[in-house]
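What follows draws every value from the coordinates through simple rules; no lab data is involved. All values derive from a computational prediction rather than experimental measurement. Virtual Cβ from ideal backbone geometry, glycine too; neighbours counted across all protein chains shown.
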Amino acid sequence: MTTKDKILDEALTLFAKNGYDGTGVEQIAEKVGIKAPSLYKHFKGKEDILNALIDNSEARYEEYFGSEQHLRKLPESREEFIRVTMERILFTMHDPMIRKIRRFLVQEQFRNDRLADITTRHQLEGVQKMYAKIIEGMMEMGLFVKDNPALLANELTAQVVLLIAKADRQPQYEQEITESIERHIRHFCDVYMRV
């Protein structure tokens, strides 16, 4: 891991724990094992670190979870839809970087308009738009009943987002929550899928 990567990793850990305002450049440098002036060889300051963290996490999420613009291959069956959806959810719940950034965003969304927009995009609008496109494509394939894809995506994702938030707050219930999410997705498929 490069020094720049270490700075980002330690900064994210501190931001998630102490908040953006509660974390100083000196603290980040100390955790990395360098002096604060050395940190400035890699980043202009704390805001530059934050911007790099956001860019990195968005790229990682795009790569492993997908987005409205990056759907990947549409599932061709009920079981494939459930499997791919659960893989995305488990990535969201378990990826260390995504977990920390989500925790950080949840705290900071009330203090920073930009972070509020990012939180809304990742936890609501972005995932709903992505699933609306997936469901619409699967409707065209004859796998889902004809209905409003945006409403179905909202119905599918809202419960999942709430349960992931619960898992973040109460990790001791993660197994139960994961099982509940899968039951929810299977029920959704039972109601809206043709096969």
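Taking the Cα centre of region 105-195 as origin, work out the dipole magnitude from +1 charges on Lys and Arg Cβ and -1 charges on Asp and Glu Cβ, in debye rounded to 20.
With only Lys, Arg, Asp and Glu charged at Cβ, the dipole is about 120 debye.
Straight distance only, please: which aspartates and glutamates reach the Cα of LYS146 with their own Cα at less than 14 Å, same-chain residues fewer than 8 apart left out?
GLU136
Dividing the alpha-carbon Rg of the chain by 2.2 N^0.38 Å yields what?
Its radius of gyration relative to the 2.2 N^0.38 Å reference: 1.16.
Which value at 222 nm does the chain reach when only helices count, each DSSP H run of 4 or more adding -39,500 (n - 2.57), with the total divided by all residues and rounded to the nearest 500 deg cm²/dmol?
Helix-only estimate at 222 nm: -23000 deg cm²/dmol.
Suppose a student asked you for the relative contact order of region 44-195, using Cα pairs under 8 Å spaced at least 6 residues apart; what percent would you report?
Taking the mean separation of contacting Cα pairs over the length of region 44-195, I get 25 percent.
Name the lysines eligible as straight-distance cross-link partners of LYS166: C-alpha to C-alpha under 23 Å, and not fewer than 8 places from it in the same chain.
LYS17, LYS100, LYS129
Output needed: percent of Cα pairs per 5 Å distance bin for region 1-55, bins running from 0 to the one holding the longest distance.
Histogram of Cα-Cα distances, whole percents per bin: 4, 23, 39, 26, 7, 0.
Let me spell out the model: positive unit charges on the Cβ of Lys and Arg, negative unit charges on the Cβ of Asp and Glu, origin at the Cα centre of region 33-105. What dipole size does that give, in debye rounded to 20?
460 debye
Could you name the lysines in cross-link range of LYS41, using Cα to Cα under 24 Å and dropping any fewer than eight places away on the same chain?
LYS4, LYS6, LYS31
Rounding to the nearest 20 debye, state how big the charge dipole of region 1-55 is about its Cα centre with +1 on each Lys and Arg Cβ and -1 on each Asp and Glu Cβ.
180 debye
Along the charge dipole of the chain, Cβ charges K/R +1 and D/E -1, which of SER67, LEU156, ILE49 sits furthest on the positive end?
Sorting the options by dipole projection puts first ILE49.
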